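Derivation of every value follows stated rules applied to the coordinates shown; laboratory data play no part. Computed from a prediction, not measured in an experiment: that's the story for all the values here. Note: ideal-geometry Cβ built from the backbone for every residue, glycine included; neighbour counts use all protein chains shown.
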Amino acid sequence: MSRGWLALALAVVGLVVMSPPVNDVHATTTVDSRSSGLVLVAPSMAITSTTATQQIVQSLDQLVARSPMTLTSSIEPMVAGSGATMGVSLIELGGTTPINWTYNSHQVFTAASTYKLVALMMEAQNIAAGITDPNGVVCYEDADYEDGWYSDYQDGACFTRNDLAQRAGLMSDNTAGHMLVRDIGGADVLNAWAASLGATESDFFTDNSTSAHDLAILWAAEAKGSLGGAAAQAWMYPMLTETRVESGIPAGVAGRSSVVHKIGTIDLIDNDAGLVTSGPNGPYVLVVMTDNLGGDAGWQLISSVSSAVWNYESARAQ
């Protein structure tokens, strides 16, 4: 490669690598770092200089598009313009060199109804292991009640685990969520189980707080089959697909893939934790947590982040 081509390549790579993120941003590969690297091939000098320049520019454009810093530069202005506080975790589950990309992922937020996702994961694992029966019943107790979508909770009323999962997953019903937590042993058991999987920043259901990091590692473990495998997924995924609220991650994906997800919303909090099952570079986990925005604006921000991630994954697939 001539000195001119080398200077051009290094200049563009420098712009990608050296741009300083404003927030806590990290990108790591999940494969042996020795197997990944940058190969930039200079065109043969026998080619005309115009063609060579075009090929160099195309190669560098692809390099920039695939850089995690490109995703950071897309998302940071969204957050700054919204005035929200946000945490994001992206875990790629496919592709040749899957990465984890995070943005303030260890910041702790109010979990809202995302605790129901964790309860459903644990319930699904128990069902897959034969510990509990999905058609077995859980009976209502007065302490379970919280205002929600159903009015048939009363003394003596019993519901199958299938019924409760549909209510907690598809509709995010609060009383059903409480009953599921009680069924798996209570909040202490739920939190110990989550912590054993690496979700150590969370206090689900009681203080009800969590981080994008914790929800993402739980989702990744589930998606990889570590929490009951195909049997658990077959039971749980329909409870979290085409739910009552599809304004966050699914809206950004825009019908290009199925999204299995659980939202949480209260006051100025909007959260979405999902598995995009058929991304352009393979499946991926995306968790977006927001505060100080709420309502339609909160969901629009999550949708915009989801769209930016989809576009980034598309570039990664090229």
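What the table below lists for this structure:
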quantity: Contact order normalised by residue count of the range 68-317, Cα under 8 Å, 6+ apart, percent; calculated: 27
quantity: Protection proxy ranking of 290-297, 131-138 - average other beta-carbon atoms within 10 Å, highest first; calculated: 290-297, 131-138
quantity: Antiparallel bridges, percent of DSSP beta bridges restricted to the range 68-317 (to nearest 5); calculated: 95
quantity: For S105, residues with placed amide H under 5 Å, excluding near neighbours; calculated: V88
quantity: Long-range HN-HN contacts of R256 with modeled amide H, under 5 Å; calculated: none
quantity: Residues of the range 271-286 with amide N under 20 Å of a point placed 7 Å along Cα→Cβ from E146; calculated: 271-274
quantity: Gap separating the Cα centres of the range 222-250 and the range 69-128, nearest whole Å; calculated: 15
